[in-house]
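Here the structure comes first, spelled out in C-alpha cells, and everything after it is commentary.
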Amino acid sequence: MFIHMHGSFELLAKRMADRTGHFMPVELLKSQFAALDELQADERHVVLDIAALPKQLVNRAAAWLANGEPSSAKLGEGAAFRTAPSSGA
C-alpha cells in the first residue's frame, strides 16, 4: 500500500524556494521529477494532491488506510484523490 503525495513541479519548487536552510537545492527538483516512478495500476495506492491543507491530507490518508475509501471531508476545488484497487492480495 502506498500513499503518493502528488504536486506540480511549480508548487514544489515554490515551497522549496521558500524554505531556509533546506538540504536539497531547488535545482535538483527537475532530476527528482525525471526519476520518479509513477505507481502502477496493480499497486494498491492513493494519490493525494499536496495543494490541500495538511490536516485534510492526513484525514484522507487515515481514512484510506482504515477502509480503502476516501473520507467524506472535501479537499477543495482541484484537489486530487485517486485510488487503485487492491489486487486481492
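The values are calculated or read from the model by the stated rules, or taken from the named source; none is laboratory data. Bear in mind the structure is a predicted one, so any value in this text is a computation, not a measurement. Cβ coordinates were reconstructed from backbone atoms using ideal geometry, including for glycine residues, and neighbour counts include every protein chain displayed. Note: areas computed on protein heavy atoms with side chains; ligands, DNA, RNA excluded. Shrake-Rupley method; radii C 1.70, N 1.55, O 1.52, S 1.80 Å.
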Exercise for review: Please indicate, with yes or no, whether at least one residue in the stretch 24-35 is in contact with a Phe, Trp or Tyr (Cβ under 6 Å, 6 or more places away or on another chain) and open to solvent by less than 50 Å² (accessible area, probe 1.4 Å).
Suggested key: no
Check your understanding: If you scan the stretch 32-49, which residues turn out to be within 15 Å of Ser8 (Cα to Cα), polar (S, T, N, Q) and at pLDDT below 90?
Key -> none
Practice item. Please go through the stretch 9-23 and pick out each residue that is open to solvent by 60 Å² or more (accessible area, probe 1.4 Å) and either over 25 Å from Ala62 (Cα atoms) or in contact with a helix residue (DSSP H, G or I) (Cβ under 8 Å, 6 or more places away or on another chain) (or both). Key: Phe9, Glu10, Lys14, Ala17, Asp18, Arg19, Thr20, Gly21, His22, Phe23
Point to revise | Single match in Ala52, Ala73, Ala89 (criterion: assigned to a loop (DSSP other than H, G, I, E, B), open to solvent by less than 60 Å² (accessible area, probe 1.4 Å), at negative phi and at pLDDT below 50) | key: Ala73
